[in-house]
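Below: the structure, in structure tokens.
The values are calculated or read from the model by the stated rules, or taken from the named source; none is laboratory data. Given the structure is predicted, the values throughout are model-derived calculations rather than measurements. Positions of Cβ are backbone-derived with ideal geometry, glycine not excepted, and every protein chain shown enters the neighbour counts. Side chains are part of the model used for accessible areas, which takes the heavy atoms of the whole protein and leaves out ligands, DNA and RNA. Shrake-Rupley method; radii C 1.70, N 1.55, O 1.52, S 1.80 Å.
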Protein chains: 2
Amino acid sequence: MARLGASAPVASYTRRNIPAYQVLDDAALLAIEAQADWILDRIGIEFRGDDVALDFFREAGARVDGQRVTFEPGHARSLCSTAPEQFTLYARNPEKNVQLGGDHVVLMPGYGSPFVSDLDRGRRYATLEDFQNFVKLTYATHWLHHSGGTVVEPTDVPVNKRYLDMVFSHLTLSDKPFMGGVTSPDRARDSITMARLVFGPEFMYQNAVIQGNINVNSPLIYDDTMSGALRVYAEAGQCVCVSPAIFSGAMGPLSPAAVAAQTLAEGMVGIALAQLVKPGCPVVFGSFHSTMNLKSGALTFGSPEANLATMVLSQLGHRLGVPVRSGGGHISASNAADGQAMQDSVGAMWATLLSGAHQVWHAAGWLEGGLVMSYEKFIMDLDHCGAMMTLLQGFEATEEAFGRDAYLETGPGENFLSTAHTLRHFATANFQPDIPEGGPFETWSENGSLRADQRATAQWKTMLSAYEPPALEDSIKTALSDFVTERKTAMKDEWY
Amino acid sequence: MARLGASAPVASYTRRNIPAYQVLDDAALLAIEAQADWILDRIGIEFRGDDVALDFFREAGARVDGQRVTFEPGHARSLCSTAPEQFTLYARNPEKNVQLGGDHVVLMPGYGSPFVSDLDRGRRYATLEDFQNFVKLTYATHWLHHSGGTVVEPTDVPVNKRYLDMVFSHLTLSDKPFMGGVTSPDRARDSITMARLVFGPEFMYQNAVIQGNINVNSPLIYDDTMSGALRVYAEAGQCVCVSPAIFSGAMGPLSPAAVAAQTLAEGMVGIALAQLVKPGCPVVFGSFHSTMNLKSGALTFGSPEANLATMVLSQLGHRLGVPVRSGGGHISASNAADGQAMQDSVGAMWATLLSGAHQVWHAAGWLEGGLVMSYEKFIMDLDHCGAMMTLLQGFEATEEAFGRDAYLETGPGENFLSTAHTLRHFATANFQPDIPEGGPFETWSENGSLRADQRATAQWKTMLSAYEPPALEDSIKTALSDFVTERKTAMKDEWY
């Protein structure tokens with residue numbers, strides 16, 4: 001049986017086949033939408049240092065007072081109406097194009113960690129080599145559909161040049177969709193220029209091949225770095241993901257309802273700006289929210305309050321009619337890839353995926369509230385990505401699934417293992433994790449009583465040593481490399 | 001802030017306030033129900049060695065051929081129709097009565113482990129002291145509503161006398177509802193007799209105060225031990241939980257659809273027998289199902305296939321109109337309270353609770369596929385029980401939750417921590433786990449880099465040392481004690 005099972009093809013899923021969970025009813029959703037409108041009408045959003053953005057909103061009929069923009073109820077939502085409900089984000093390998101929206105699910109690795117850890121070398125600052133390792137690992141797994149963005153911070157590269165090495169790595173070491181620089185309009189522009197070297201300007205005039213993640217400076221502020229980068233991506237018709245960042249009680253009031261309403265308010269305004277810059281620009285309604293331990297002030301992840309906000313934000317995004325990037329994913333405040341890490345992560349991922357989110361940041365590797373990408377946690381999370389994508393397929397209640405022939409072949413008290421029905425299905429029936437199981441207690445003890453994180457170490461090493469880069473024309477690779485060299489030469493190193 | 005937070009009352013929840021998730025549509029549910037009918041019509045169920053049960057079914061119009069009973073489609077379901085949709089399971093402390101059915105949720109500890117483990121003493125055979133410890137810990141937490149049954153096997157007591165010590169412990173060390181012996185009709189009868197010493201025969205004539213868990217010998221067999229015990233509980237009008245036990249591919253065909261249909265078929269027949277013995281007898285539609293690693297043959301828990309079956313079994317139970325005991329809970333095949341343990345457990349618990357199960361076995365402590373109750377895992381699971389019960393409350397989208405006054409008090413870019421709204425709510429806003437958080441990496445490292453399971457050790461020790469038994473009249477305690485002594489004296493020790 002083992003050999004038959006081992007040779008079975010591994011399924012790779014990209015969509016959901018079970019309904020999205022509706023945690024709130026229409027009346028509650030309408031109340032949250034009305035609260036978002038109240039925020040935009042009575043308080044408003046500030047665009048700091050971006051007169052172009054202010055002009056766009058003034059011309060669209062919003063009220064602009066200094067840097068503050070306020071909206072009549074319903075106005076911001078109506079400005080979002082030109083955004084597509086679903087679109088393709090193109091990969092340089094067409095087989096890896098992803099759909100954002102509808103019943104599609106796009107998982108990506110963690111984003112933004114300054115540290116990495118593994119059980120051999122411990123916790124340390126992330127380097128470009130670590131960044132490239134995680135791009136390779138993401139390329140190697142079929143459970144992640146997207147290469148991510150700042151997967152980890154390559155802290156050995158000057159701050160102002162990192163985006164060049166990151167975009168170069170995404171485009172050469174992987175062939176999955178990716179995200180570009182957003183930490184200044186220039187970096188956004190260079191990222192798009194590099195994508196054009198691969199995809200061609202004509203193709204990109206019509207299609208999105210790169211995403212920019214625009215973090216809102218919650219509460220209720222867009223600074224010119226972020227709104228400037230947003231406008232660069234939107235002008236180029238590339239995908240803008242708008243992600244308010246709210247820890248309840250700090251950047252917004254202390255309740256899931258308030259977090260949801262404020263996220264919607266802030267998100268709609270960013271999406272509206274993208275639509276004003278370029279109507280029809282592909283956007284994603286994102287969020288990054290969580291809770292705090294209100295005694296210690298520590299950030300917490302996977303809490304019931306955060307998971308509730310995650311679930312309702314999927315509903316609100318569906319009603320807004322744009323793809324949703326969830327504030328969930330495999331997130332945790334834990335310092336180790338232990339029971340707490342998976343408790344936080346698994347709960348957050350259930351909230352994320354059952355509620356119908358379309359794109360999931362931080363689906364693998366996250367620890368310490370995002371300070372660390374853990375090589376072992378990455379592998380553990382991949383197994384759970386696979387389990388959840390399998391769960392999202394649901395199951396069929398068909399004659400073949402019911403196995404009537406097996407009952408006729410056996411009978412009460414008899415074993416089904418050797419029935420023809422079991423033999424027909426066992427090779428593909430159950431999801432198989434990649435981390436080897438511990439086995440019975442005695443075997444497990446003899447083998448050193450290894451926890452799941454310890455058993456995961458071999459897997460990332462195997463994946464890295466088996467890695468081979470996807471094909472890329474030499475001329476394109478040279479052009480990318482030349483561009484990076486040229487831009488790096490033109491800038492002094494900056495380390496802050 | 002810390003002191004205010006520390007003095008806040010801790011909520012204890014017993015019901016859900018968010019909708020049950022519907023993974024399958026009506027057409028698929030009808031197909032599964034039709035398959036259950038097909039099994040009962042074409043294959044049937046064997047009652048081995050229980051002529052009384054066979055007579056009940058014959059008189060009810062089922063077809064009895066030797067020990068095999070088959071049913072016309074719809075007949076078994078119609079025999080279940082006298083079972084109550086919701087009922088009270090009484091505790092000796094009326095404040096701890098539980099409702100089974102409706103929007104109520106009843107969580108209980110693990111059941112049946114022959115081993116225990118803790119980080120100080122390692123893994124070892126469970127003793128009566130361990131059993132009593134887990135009854136005390138269950139009494140001490142407000143996240144478990146029910147004392148359970150064979151929480152662990154007290155292996156230092158003769159097999160044929162364990163039930164006496166277990167029922168005595170439940171009735172004296174706790175005041176929550178509990179389960180009695182089922183491993184023979186005599187043991188079931190004695191368990192009920194002991195309950196009568198506490199609750200009085202008149203009260204028990206009208207009301208359920210004890211549960212018996214009737215495991216089906218899946219596939220499709222009830223042996224006389226189990227059907228005999230079932231009849232004893234039913235005759236006394238006490239609660240019968242019928243739990244088919246199916247590992248897909250072994251005790252039934254290899255698919256979630258088949259597991260669901262067979263569980264329904266086996267469950268309906270047990271419930272029907274309880275109704276034939278005593279119409280209106282309170283019952284619970286239970287299940288215990290999971291998957292196997294089909295390469296290694298090892299049992300697996302929290303798999304996507306098992307979680308899908310768990311979710312649809314809640315739907316099928318709701319349609320049958322009886323309370324549902326979920327096959328989920330905090331279950332895992334892991335040998336340690338590590339990341340795998342919580343990954344398996346948390347996923348299974350989401351499937352269990354989001355789908356609307358009413359009673360949950362194994363909500364705390366389970367490891368190694370049920371071979372072990374872990375003191376540390378018990379504490380970790382309690383925290384997740386609390387988180388899930390909090391999640392099940394949902395949230396309100398009200399003016400007060402939206403915190404408009406906080407926006408008027410602050411503004412864009414300002415912190416909400418010191419607003420009047422935050423001060424009004426921070427003491428009760430967020431669920432607080434009992435396991436202390438690790439803190440920032442530097443602090444955590446200085447404190448020994450303790451994983452969640454290691455930080456949980458202090459908690460169970462604190463709970464045990466703070467334990468004080470609930471009040472019980474001396475005369476009742478003496479009567480119970482005398483009964484145990486009398487019964488033990490009348491029997492020789494049996495160790496198998």
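Would you check if B:Val242 is over 20 Å from the mean Cα position of the chain (by Cα) and within 23 Å of B:Phe285 (Cβ to Cβ)? First the steps, then the outcome.
On the way: over 20 Å from the mean Cα position of the chain (by Cα): no; within 23 Å of B:Phe285 (Cβ to Cβ): yes.
So B:Val242 does not fit the description; no.
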Any residue in segment B:267-278 that is in contact with a strand residue (DSSP E or B) (Cβ under 9 Å, 6 or more places away or on another chain), within 12 Å of chain A (Cβ to nearest Cβ) and within 19 Å of B:Gly44 (Cα to Cα)? yes
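Kindly establish whether A:Leu254 is part of a loop (DSSP other than H, G, I, E, B) and either crowded, with 24+ Cβ neighbours inside 10 Å or at pLDDT 95 or above (or both). Full working, then the answer.
Working: part of a loop (DSSP other than H, G, I, E, B): yes; either crowded, with 24+ Cβ neighbours inside 10 Å or at pLDDT 95 or above (or both): yes.
Yes, satisfied.
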So, B:Ala341, is that one touching a strand residue (DSSP E or B) at 6+ places or on another chain (Cβ under 9 Å), within 9 Å of another protein chain (Cβ to nearest Cβ), aliphatic (A, V, I, L, M) and buried (at least 24 other Cβ atoms within 10 Å of the Cβ) or not? yes
Residues in segment A:449-462: is at least one within 12 Å of chain B (Cβ to nearest Cβ), over 30 Å from B:Leu308 (Cα atoms) and among the charged types (D, E, K, R)? no
Going by the conditions given, is B:Ala188 over 27 Å from B:Asp51 (Cβ atoms) and not aromatic (Phe, Trp, Tyr)? no
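Return the only residue of B:Ala298, B:Ala260 being within 9 Å of chain A (Cβ to nearest Cβ) and within 20 Å of the chain's Cα centre (by Cα). Don't jump to the end; show me each part of the working.
On the way: B:Ala298 fails: within 20 Å of the chain's Cα centre (by Cα).
Among B:Ala298, B:Ala260, only B:Ala260 is within 9 Å of chain A (Cβ to nearest Cβ) and within 20 Å of the chain's Cα centre (by Cα).
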Out of everything in segment A:463-479 that is in a helix (DSSP H, G or I), closer than 20 Å to A:Thr138 by Cβ and open to solvent by less than 80 Å² (accessible area, probe 1.4 Å), what residue ends up being nearest to the other protein chains (Cβ to nearest Cβ)? A:Met463
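Would you mention how many residues in segment A:140-178 are polar (S, T, N, Q) and in contact with a strand residue (DSSP E or B) (Cβ under 6 Å, 6 or more places away or on another chain)?
Looking only at segment A:140-178, we keep the residues that are polar (S, T, N, Q), and these are A:141, A:147, A:150, A:155, A:160, A:169, A:172, A:174.
Keeping just the survivors that are in contact with a strand residue (DSSP E or B) (Cβ under 6 Å, 6 or more places away or on another chain) gives A:147, A:155.
Residues flagged as polar (S, T, N, Q) and in contact with a strand residue (DSSP E or B) (Cβ under 6 Å, 6 or more places away or on another chain) within segment A:140-178 amount to 2.
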Select from segment B:238-251 the residues that are over 30 Å from B:Met194 (Cα atoms), open to solvent by less than 10 Å² (accessible area, probe 1.4 Å) and more than 7 Å from every other protein chain (Cβ to nearest Cβ) and list them in ascending order. B:Ile246, B:Ser248
Kindly indicate whether any position in segment B:282-293 is over 29 Å from B:Val209 (Cα atoms), within 14 Å of chain A (Cβ to nearest Cβ) and open to solvent by 10 Å² or more (accessible area, probe 1.4 Å). yes
In the set A:Glu409, A:Glu399, A:Glu414, which member is farther than 23 Å from B:Gly297 by Cα and among the acidic types (Asp, Glu)? A:Glu399
Restricting segment B:301-317 to residues that are of a type in the set (Gly, Ala, Ser) and part of a helix (DSSP H, G or I), which is nearest to the chain's Cα centre (by Cα)? B:Ser314
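Could you tell me whether segment B:124-134 includes any residue that is open to solvent by 50 Å² or more (accessible area, probe 1.4 Å) and basic (Lys, Arg)? Can you show your working first?
Step one: filter segment B:124-134 for residues open to solvent by 50 Å² or more (accessible area, probe 1.4 Å), giving B:125, B:129, B:132.
Subset that is basic (Lys, Arg): none.
No - not one qualifying residue is present in segment B:124-134.
Any residue at all in segment A:305-314 that's closer than 16 Å to A:Gln35 by Cα and open to solvent by 10 Å² or more (accessible area, probe 1.4 Å)? Please lay out each step first, then the result.
Within segment A:305-314, the subset closer than 16 Å to A:Gln35 by Cα is A:309, A:312-313.
When the remaining residues are screened for being open to solvent by 10 Å² or more (accessible area, probe 1.4 Å), the result is none.
Within segment A:305-314 (the criterion being closer than 16 Å to A:Gln35 by Cα and open to solvent by 10 Å² or more (accessible area, probe 1.4 Å)), the answer is no, since none of the residues qualifies.
Among the residues of segment A:368-375, is there at least one that is of a type in the set (Val, Ile, Thr), within 9 Å of another protein chain (Cβ to nearest Cβ) and touching a residue at least 24 places away in the same chain (Cβ under 8 Å)? Give the derivation first.
The first filter runs over segment A:368-375 and keeps only residues of a type in the set (Val, Ile, Thr), leaving A:372.
With within 9 Å of another protein chain (Cβ to nearest Cβ) added as a condition, the list becomes A:372.
If we keep only those that are touching a residue at least 24 places away in the same chain (Cβ under 8 Å) as well, we get A:372.
There is at least one residue in segment A:368-375 that is of a type in the set (Val, Ile, Thr), within 9 Å of another protein chain (Cβ to nearest Cβ) and touching a residue at least 24 places away in the same chain (Cβ under 8 Å).
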A:Arg196 versus (1) without any contact (Cβ under 8 Å) to a residue 24 or more places away in the chain; (2) in contact with a Phe, Trp or Tyr (Cβ under 8 Å, 6 or more places away or on another chain): which is the lone unmet condition? (2)
Reported set for segment A:258-281 where residues are part of a helix (DSSP H, G or I) and open to solvent by 10 Å² or more (accessible area, probe 1.4 Å) is A:Leu276, A:Val277
Test A:Ala429 against the criterion of being within 37 Å of the chain's Cα centre (by Cα), on the phi < 0 side of the Ramachandran plot and at pLDDT below 95, and give yes or no. yes
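Would you say A:Tyr222 is surrounded by 24 or more Cβ atoms within 10 Å (Cβ to Cβ), more than 30 Å from B:Phe431 (Cβ to Cβ) and not charged (D, E, K, R)? Even if it seems obvious, please write down each step before you answer.
Details: surrounded by 24 or more Cβ atoms within 10 Å (Cβ to Cβ): yes; more than 30 Å from B:Phe431 (Cβ to Cβ): yes; not charged (D, E, K, R): yes.
Judged against the criteria, A:Tyr222 is a match.
Taking A:Gly329 as the residue in question, decide whether it is under 15 Å from the mean Cα position of the chain (by Cα) and surrounded by fewer than 24 Cβ atoms within 10 Å (Cβ to Cβ).
Details: under 15 Å from the mean Cα position of the chain (by Cα): yes; surrounded by fewer than 24 Cβ atoms within 10 Å (Cβ to Cβ): no.
So A:Gly329 fails the test.
Scan A:Gly438, A:Gly394, A:Gly403 and give me the residue that is within 24 Å of B:Ala306 (Cα to Cα) and either under 30 Å from the mean Cα position of the chain (by Cα) or more than 8 Å from chain B (Cβ to nearest Cβ) (or both). Spell out how you get there, then give the answer.
Numbers: A:Gly438 fails: either under 30 Å from the mean Cα position of the chain (by Cα) or more than 8 Å from chain B (Cβ to nearest Cβ) (or both); A:Gly403 fails: either under 30 Å from the mean Cα position of the chain (by Cα) or more than 8 Å from chain B (Cβ to nearest Cβ) (or both).
Result of the check over A:Gly438, A:Gly394, A:Gly403: A:Gly394.
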Within segment B:318-344, the count of residues that are assigned to a helix (DSSP H, G or I), farther than 18 Å from B:Ile18 by Cα and in contact (Cβ under 8 Å) with a residue 40 or more places away in the chain comes to 5
Take segment A:386-415 and flag every residue that is farther than 27 Å from A:Tyr13 by Cβ and of a type outside the set (Gly, Ala, Ser). A:Arg404, A:Asp405, A:Tyr407, A:Leu408, A:Glu409, A:Thr410, A:Pro412, A:Glu414, A:Asn415
